[in-house]
Amino acid sequence: MASWIWRTQERYIGVVGMHSSGKTVYLTSVIDHLMNHDPARFRLGPDTAAPVTLRRVRPEPVNAGWEAFNYAGNRAALATSGRWPRKTRDRAEFAVAFERSDWRFNAPLLRLFDMPGERLADAAMFGQTYAQWSDHWHRYAADDAHQRAASAGFLDALASSPVVAAALIDAYRLALATAVGEHYKPFVTPSSFLLDAAGGVAHGETPAEIAAGRFVGTSEATQFVPLPAAVRAAHPELTAKFARHYETYQREMVGPYLNSLARCHSLIVMVDVVEMLRSGVAMANDGRQMVRDLMRVIEPGESVLGTALRRLSEAVLQHRPRWVSKIAFVAPKIDLVHPADRDRVLHLMRKHVGSLAQDHDGLECRFFVTSAVVSTKSMPGGESARVMRGLPYRDADGAKIPRGGEQQFPVSTVPEEWPSTWRPGDYSFPEVYPVLPAYQGYPPDQIGLDRVLEFVMD
Ligand SMILES: Nc1nc2c(ncn2[C@@H]2O[C@H](COP(=O)(O)OP(=O)(O)O)[C@@H](O)[C@H]2O)c(=O)[nH]1
Ligand SMILES: [Mg+2]
């Protein structure tokens, strides 16, 4: 008699995105839908076939060196307290194994990784020298008006004579703080400035407050800033010092992140169109820059990653690199957008990354609009009225309010195309408290998460 030989198909899936783009909520909802699977509410398999059922769903131990993703805690925050999960700062993994009714020989073991997007700002360091990284930064500052404006003091300090290392470092930190604080720009490199190895984060109201206590490097003693070619040529000693600090940073901060990225078969890349519309053109430009850097790093065949990995020590490189073969570009929080405009969000996302995602052989890219925890309802309105219903998170002044009753509120119409420019606050998509089915065993209502998982798991 024949017996089935089940083989485990292990899939490494990384969720990459900026802080607050929704990674933790996303993973919590996906895991909840797997652990409490209902084929009617989380539909796997092709549309034309009978819905897939899952058997023997069970968590598995995570890889050594990884923190376990706090699924139970996050789920409890949502379901019991009606709060969004607490912010996470570190890399975390959740591993889950199950059998699918439509897969006869393979049983998936999914390894899901929550990866901080701040590190993507360092993507230009992957496989590049200090000089190349410096040139990259200065090219971007020359091209991007907001970056240039925020960096005026730093650019002046570079032009002054004599150049003083400490003054340059202070001026650079102030430039980064201004870019973050005034323009919501996430393209901050070295990203230790926003998020250090210990999980410490920058906060404050003014640029000076934000900059205080933050380092551009692995520690206070090993800071560095990008020097343009002319300054490098004129100051070889300073350049050599910064290059040494840069290499330390590359090894300690960029290496582990690169290592994790290189393990993934598939990536889910959060493209937070809603947040870009809320936060202004400067933030959207940075988001695009970071996708560009990510694509350069993972481009198959092209051996940026290979070169970078070969340069890393054995200690960092614990496995053979494989190549990312699928990317799901995901617009999260689509429940904050009126249903009439959701296709527009898809279109804007395609435009945002489209050309960057095209020319890559061996890499399949798809686009999805999703909501991990649908927390709004749309209200009937005319063609132009966009009215939603939900539990508001902030009052009219932007201050956080306690969870209260349902209210109706207007949301912006999503533009058909990206405007040529827009400012923070031009578009409004109010935040809401999460809503879960009253029945405790029920995972949240979701949009598109099942489609994304089907794509990245196969
Ligand atoms: N309305 C709505 N808000 C969401 C959803 N997912 C995330 N959010 C919001 O985005 C915030 C950040 O989500 P989180 O998962 O913590 O982001 P992370 O920093 O990328 O892990 C949450 O606190 C929510 O306010 C969603 O599906 N719907
Ligand atoms: Mg998180």
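Things to note:
- Test: residue in segment 392-410 that is in contact (Cβ under 8 Å) with a residue 60 or more places away in the chain and surrounded by 16 or more Cβ atoms within 10 Å (Cβ to Cβ): no
- Inclusion of residue 52 among residues that are closer than 15 Å to residue 34 by Cα, buried (at least 17 other Cβ atoms within 10 Å of the Cβ) and in contact with a Pro (Cβ under 6 Å, 6 or more places away or on another chain) is not warranted.
- Any hit, segment 194-204, residues being among the acidic types (Asp, Glu), surrounded by 15 or more Cβ atoms within 10 Å (Cβ to Cβ) and closer than 25 Å to residue 283 by Cβ: yes
- Screening 35, 18 for residues that are open to solvent by 20 Å² or more (accessible area, probe 1.4 Å) and either closer than 23 Å to residue 259 by Cα or within 16 Å of ligand 2 (Cβ to nearest atom) (or both) leaves exactly one candidate, 18.
- Per-region count, segment 69-87, residues open to solvent by 60 Å² or more (accessible area, probe 1.4 Å) and either within 16 Å of residue 457 (Cα to Cα) or within 16 Å of ligand 2 (Cβ to nearest atom) (or both): 6
- Filtered residues of segment 239-297 (kept if closer than 21 Å to residue 65 by Cβ, open to solvent by 10 Å² or more (accessible area, probe 1.4 Å) and among the β-branched types (Val, Ile, Thr)): 248
Quick grid of which residues meet (1) over 20 Å from residue 98 (Cβ atoms); (2) of a type in the set (S, T, N, Q):
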| position | (1), (2) |
| --- | --- |
| 53 | no, yes |
| 56 | no, no |
| 69 | no, no |
| 75 | no, no |
| 81 | yes, yes |
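One line per residue, one yes/no per condition, for (1) part of a loop (DSSP other than H, G, I, E, B); (2) basic (Lys, Arg); (3) at negative phi:
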{"site": "366", "(1), (2), (3)": "no, yes, yes"}
{"site": "388", "(1), (2), (3)": "no, no, yes"}
{"site": "398", "(1), (2), (3)": "yes, no, no"}
{"site": "445", "(1), (2), (3)": "yes, no, yes"}
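- The lone exception for residue 154 - which of (1) within 30 Å of residue 10 (Cα to Cα); (2) of a type in the set (A, V, I, L, M, F, W, C); (3) modelled with pLDDT of 95 or more it fails: (1)
- Residue 116 being more than 16 Å from ligand 2 (Cβ to nearest atom) and touching a strand residue (DSSP E or B) at 6+ places or on another chain (Cβ under 8 Å): no
- Selection from segment 10-50 of residues that are touching a residue at least 60 places away in the same chain (Cβ under 8 Å) and among the hydrophobic types (A, V, I, L, M, F, W, C): 13, 15, 16, 18, 25, 27, 30, 31, 34, 35, 42, 44
- Condition met for residue 414 (touching a residue at least 60 places away in the same chain (Cβ under 8 Å) and assigned to a helix (DSSP H, G or I)): no
- Which numbered condition residue 98 misses (of (1) away from ligand 1 (no atom under 16 Å from the Cβ); (2) under 17 Å from the mean Cα position of the chain (by Cα)): (2)
- Verdict on residue 401 being out of contact with any Leu (no Cβ under 9 Å at 6 or more places or on another chain) and within 17 Å of residue 333 (Cα to Cα): no
- For segment 205-233, a residue qualifies if it is charged (D, E, K, R) and open to solvent by less than 30 Å² (accessible area, probe 1.4 Å), and exactly one does: 214.
- Only a single item in (1) part of a loop (DSSP other than H, G, I, E, B); (2) within 14 Å of ligand 2 (Cβ to nearest atom); (3) of a type outside the set (D, E, K, R) is not met by residue 63, and it is number (2).
- Of all the listed residues (368, 329), the sole one being modelled with pLDDT of 95 or more and touching a Gly at 6+ places or on another chain (Cβ under 6 Å) is 368.
The values are calculated or read from the model by the stated rules, or taken from the named source; none is laboratory data. These figures come from a predicted structure and were not determined experimentally. With ideal geometry, Cβ positions are generated from the backbone for all residues, glycine too; neighbour counts draw on all protein chains shown. Heads up: the accessible areas ignore ligands, DNA and RNA and are worked out on the full protein's heavy atoms, side chains in. Shrake-Rupley method; radii C 1.70, N 1.55, O 1.52, S 1.80 Å.
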